[in-house]
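Asker: Would you mind keeping the following structure in view while I ask a few things?
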Amino acid sequence: MRSTWVAALATVAVAGGLTYLDASASSSDPGFDPVRSLGFAVPFATVGLLVLGVLVGTSEFSTGNFRSTFVAVPRRLSVLAGQVLAMTVFAALVAVLAVGSSVLAILPSAASRGITPDLGGDGVLRNLIGSVVLLSGTGLVGAALGAWVRRPVAALVAAVGICLVLPMVLVLAADLVTDPLAASAAGGSSAPESPLETFARFTPTGAADSLLWREGGALQGVLVLAGWVVLPLTAAAIRLSRRDLV
Amino acid sequence: MIEVEALTKRYGTTTAVDGVSFTAAAGMVTGFLGPNGAGKSTTMRMIVGLERPTTGRVTVDGQRYADVAAPLRVVGAMLDARSMHPGRTAHRHLLALARTHGIPRSRVEEVLGLTGLESVAGRRVRSFSLGMGQRLGIAAALLGDPGTLILDEPVNGLDPDGVLWVRGLVRDLAAEGRTVFLSSHLMHELALCADRVVVIGQGRVLADATTRQIVERSERAGLVRVRTAEADALLVALADRGADVEVRTDGSLHVRGLSVEEIGSTAARIGAPVLELAAETGSLEEAYLQLTAGSVQYRSGRTLGGEVSR
């Protein structure tokens, strides 16, 4: 209960705080554009929502409250559905607040240079919406993993592994197996994508890249992220409906 | 009413509950007695659907628990003192449960009052003592005003005041016509509040009978202790009447096979002054120890008490 609110507040505070620091650090640059700092804190806020999701997803089982819950509501899957619904609303709220605090955080630096940040401009709005979707989705990934694994530490390790470590390993591995001279040998055009890079696009980080305008379409990002919610959620549903609750 | 029929639960190669059958009837307190690991809690969890039986079935008022539309209004269960979120207050825990069944807030206040928790209702469960946790568990069980109550070790961790309160509460609930099914490893506790006792050991029912029947079947039942100035003469006289007499080191005689009246009249006939004459009744404690110690020999399914296991 308390830890949930602490994690939510910390996420919003970190998003605002880091964005503010980044914006003020670069505000003395000649070509300073405050909206460029908007995406700076997103990876950190992602971790916050991941932790938040895991806490919410595991809380019934880490506390023993599941006994009371499932005695009161023996139709177990409806409990899971309710949790997903509540978490969706909650994660979306935290995501909006986190992105909102980032927007507020660039205002002082922008004002110091007399710039009015153009939030409606070239891809900025899309980026903001993408951030909200990414953060909410990440919260749901954490919750789904938590509901499946049930133990907070194990779930957090799995979540961090899937969302942060795996994509990094894939990118590094792709670099290792790719011949750096292949591009020039092909006459300047970019080398064909290696299977590892393709795989990397289907990790949550790949989804983030798609959502934050860098690679592929936003739809692809949404679908990849949804996949990372649905997979552990299905596993959680199967475990919940088939197994005993001890 | 709870009906358990040939209930079996296996975890891999371990059989936790092995063909258990019994009925907890309405209007009485049915005790569930057994040592740790006998399968009491597993059976209770199967009644409320937290665990699925490997074979057999269990119904409450003729329905499977999962099929009951509003379970809290039919069955109130207190299974484990650690069944609540430690970060929630007592009031919020009950309110959350009440919301799942559209139970009004006033009922939450009512059960908090009934269990004596009003003064700590706003405190987080984390700070509760074991006894307070038990009271909150009982409050949650009573929330939906159910016709059947399942209480796993309800007096655990309660102070003497609380023990008396639980004893009175379960008697009152049964007197109102409800089914009360409670487990305990405290034998004397069940002797005081249960009408009927189901004894379980190693997953099997060892006895299913009224509390009185079980007590009477204990080893000491039928034993009469008599102390007299003429021990030797009385010993001979009693032996002549076919009694089984044992001389204790304190000089008293332990007699089996004759009633207090018969022994008294025998002593009067031979003129032996009786200093003390008392029938020893067995305690549930002893009955229980005898039953569970020999649980291996009952593996063939023999039960003590009135009923043969089905």
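Asker: Are any of the residues in the range B:28-46 part of a strand (DSSP E or B), within 14 Å of chain A (Cβ to nearest Cβ) and surrounded by 20 or more Cβ atoms within 10 Å (Cβ to Cβ)?
Answerer: The initial filter retains those residues of the range B:28-46 that are part of a strand (DSSP E or B), namely B:29-33.
Narrowing further to those that are within 14 Å of chain A (Cβ to nearest Cβ): none.
No: the range B:28-46 contains no residue that is part of a strand (DSSP E or B), within 14 Å of chain A (Cβ to nearest Cβ) and surrounded by 20 or more Cβ atoms within 10 Å (Cβ to Cβ).
Asker: How many residues are surrounded by fewer than 20 Cβ atoms within 10 Å (Cβ to Cβ), assigned to a helix (DSSP H, G or I) and within 14 Å of another protein chain (Cβ to nearest Cβ) if we restrict to the range A:19-68?
Answerer: So the answer is 2.
Asker: If we scan the range A:86-98, do we find a residue that is surrounded by fewer than 20 Cβ atoms within 10 Å (Cβ to Cβ), modelled with pLDDT under 90 and not hydrophobic (A, V, I, L, M, F, W, C)?
Answerer: No, that holds for no residue.
Asker: Residue by residue through the range B:9-22, note down the ones that are among the β-branched types (Val, Ile, Thr) and surrounded by fewer than 17 Cβ atoms within 10 Å (Cβ to Cβ). Write out each step before concluding.
Answerer: Our first condition is that a residue be among the β-branched types (Val, Ile, Thr); within the range B:9-22, this holds for B:13-15, B:17, B:20.
B:13, B:14, B:15, listed by residue number.
Asker: Among the residues of the range B:193-237, which ones are modelled with pLDDT under 85, of a type in the set (D, E, K, R) and over 30 Å from residue B:26 (Cα atoms)?
Answerer: Of everything in the range B:193-237, those that are modelled with pLDDT under 85, of a type in the set (D, E, K, R) and over 30 Å from residue B:26 (Cα atoms) turn out to be B:219, B:220.
Asker: Considering only residues that are open to solvent by 60 Å² or more (accessible area, probe 1.4 Å), more than 9 Å from every other protein chain (Cβ to nearest Cβ) and assigned to a helix (DSSP H, G or I), which ones fall in the range B:65-114?
Answerer: B:73, B:99, B:105, B:106, B:109, B:110, B:114
Asker: Which ones in the range A:225-240 are under 12 Å from residue A:147 (Cβ atoms) and open to solvent by less than 50 Å² (accessible area, probe 1.4 Å)?
Answerer: Matches in the range A:225-240: A:229, A:232, A:233, A:235, A:236, A:237, A:240.
Asker: Sticking with this structure for a sec: Hey, among the residues in the range B:115-131 that are within 30 Å of the chain's Cα centre (by Cα) and within 12 Å of chain A (Cβ to nearest Cβ), which one's surrounded by the fewest Cβ atoms within 10 Å (Cβ to Cβ)?
Answerer: Among those residues, the one meeting the criterion is B:126.
Asker: Of the numbered conditions (1) of a type outside the set (Val, Ile, Thr); (2) crowded, with 18+ Cβ neighbours inside 10 Å; (3) at positive phi, residue B:62 fails exactly one; give the number of that condition.
Answerer: (2)
The values are calculated or read from the model by the stated rules, or taken from the named source; none is laboratory data. In this text, all values refer to a predicted model and were calculated from it rather than measured experimentally. Note that each Cβ is placed from the backbone with ideal geometry, even for glycine, and that neighbours are counted across all protein chains shown. In case anyone asks, the SASA skips ligands and DNA or RNA and just uses the protein heavy atoms, side chains included. Shrake-Rupley method; radii C 1.70, N 1.55, O 1.52, S 1.80 Å.
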